[in-house]
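Since the structure comes first, as structure tokens, the remarks are kept for the end.
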Amino acid sequence: MKFFVDTADIAEIRELAALGLLDGVTTNPTLIAKSGRPIKDVIKEICATVEGPVSAEVAATDYDGMMREAAPLAAIATNVTIKVPLTIDGIKACRALSKDGHKVNVTLCFSATQALLAAKAGATFISPFVGRLDDIGLDGMELIREIRQIYDNYDHLKTEILAASIRSNLHVKQAAMAGADVATIPPAILKGLFNHPLTDKGLASFLADWKKTGQSIT
Ligand code: E4P
């Protein structure tokens, strides 16, 4: 499963990219607003830091407006992925942008049939929001399983499942078990994947015992 980071914070992205485990980045209007910077500057900087796909979301809600916004976003760098919402106009824009050779991430997916529409429209990625479904008492991960099953039924559907709205280490594990192609993970959760108290405890005891030997490896 590929790891994308879900942030527009360039310092966090640089830190995670240095680990060599980062396959891409997703942003959304909320994350851009949080960065406090102009969208084009932020996306340009992220694209120069990470080789993989970098999602930049349109703000228009009508087809013509989305297409007008997609052009300058796509011109920022070759690894820009245009993010459009899962609406009639968004799906129409997805179809047109995909046909033009752009990578498209269809966002705000909350049902398997929406995911089917996005795949039929040639989306590169579909973003089912796991955490937001959990928030309203539904099983977000069940949606990932449903989409996986549907896409696997049809060889011609090449859209990648990008598990989004990830809120925990458990979500990352479950998304991988359900066969998501990608998980976009907030920085704090991504860093937290490295931690286990038994790793810390085990390392402390190994180091204490090693010290007693008085040896040096170099
Ligand atoms: C996906 O691309 C979105 O940016 C993101 O995962 C939304 O997550 P949230 O529900 O934590 O805002």
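Looking at A77 and the list (1) within 16 Å of the ligand (Cβ to nearest atom); (2) within 19 Å of the chain's Cα centre (by Cα), which single condition is not satisfied?
Unmet condition: (1).
Could you please find all residues in region 63-119 being farther than 20 Å from I144 by Cβ and hydroxyl-bearing (S, T, Y)?
Y63, T78, T87, S98
Have a look at K103, K92, K44 and point out the one that is modelled with pLDDT of 95 or more, within 22 Å of R14 (Cα to Cα) and of a type in the set (K, R).
It is K44.
Among the residues of region 81-96, are any under 27 Å from Q174 (Cβ atoms), of a type in the set (S, T, Y) and crowded, with 22+ Cβ neighbours inside 10 Å?
Within region 81-96, one or more residues are under 27 Å from Q174 (Cβ atoms), of a type in the set (S, T, Y) and crowded, with 22+ Cβ neighbours inside 10 Å.
For region 121-144, state whether one or more residues are within 17 Å of the chain's Cα centre (by Cα) and of a type in the set (D, E, K, R).
yes
If L133 meets every condition in (1) within 16 Å of the ligand (Cβ to nearest atom); (2) out of contact with any helix residue (DSSP H, G or I) (no Cβ under 7 Å at 6 or more places or on another chain); (3) open to solvent by 10 Å² or more (accessible area, probe 1.4 Å) apart from one, which number is that one?
(2)
Looking at I189, I166, I185, which is the one that is within 13 Å of the ligand (Cβ to nearest atom) and over 30 Å from A75 (Cα atoms)?
I189
Quick test of your reading of the structure: L157 fulfils all but one of (1) in contact with a helix residue (DSSP H, G or I) (Cβ under 9 Å, 6 or more places away or on another chain); (2) away from the ligand (no atom under 12 Å from the Cβ); (3) part of a helix (DSSP H, G or I). Name the failing condition by number.
Only one criterion is unmet by L157, namely (3).
Let me confirm something: among A204, A119, A188, A176, which residue is in contact (Cβ under 8 Å) with a residue 12 or more places away in the chain and either within 30 Å of R14 (Cα to Cα) or exposed (fewer than 13 other Cβ atoms within 10 Å of the Cβ) (or both)?
Answer to the selection: A176.
Specify the residue that is nearest to the ligand (Cβ to nearest atom); the eligible residues are those in region 15-34 that are assigned to a helix (DSSP H, G or I) and in contact with a Ser or Thr (Cβ under 8 Å, 6 or more places away or on another chain).
That would be L31.
Might you check whether a residue that is open to solvent by less than 80 Å² (accessible area, probe 1.4 Å), over 19 Å from S127 (Cβ atoms) and not in a loop (DSSP other than H, G, I, E, B) occurs anywhere in region 4-11?
Yes, some residue in region 4-11 is open to solvent by less than 80 Å² (accessible area, probe 1.4 Å), over 19 Å from S127 (Cβ atoms) and not in a loop (DSSP other than H, G, I, E, B).
The values are calculated or read from the model by the stated rules, or taken from the named source; none is laboratory data. Note that the structure is a prediction, hence the values are computed from the model and not measured. Don't worry about glycine lacking a Cβ; one is built from the backbone with ideal geometry, like all the others, and counts go over all protein chains shown. Calculation scope for accessible area: heavy atoms of the full protein, side chains included, ligands and nucleic acids excluded. Shrake-Rupley method; radii C 1.70, N 1.55, O 1.52, S 1.80 Å.
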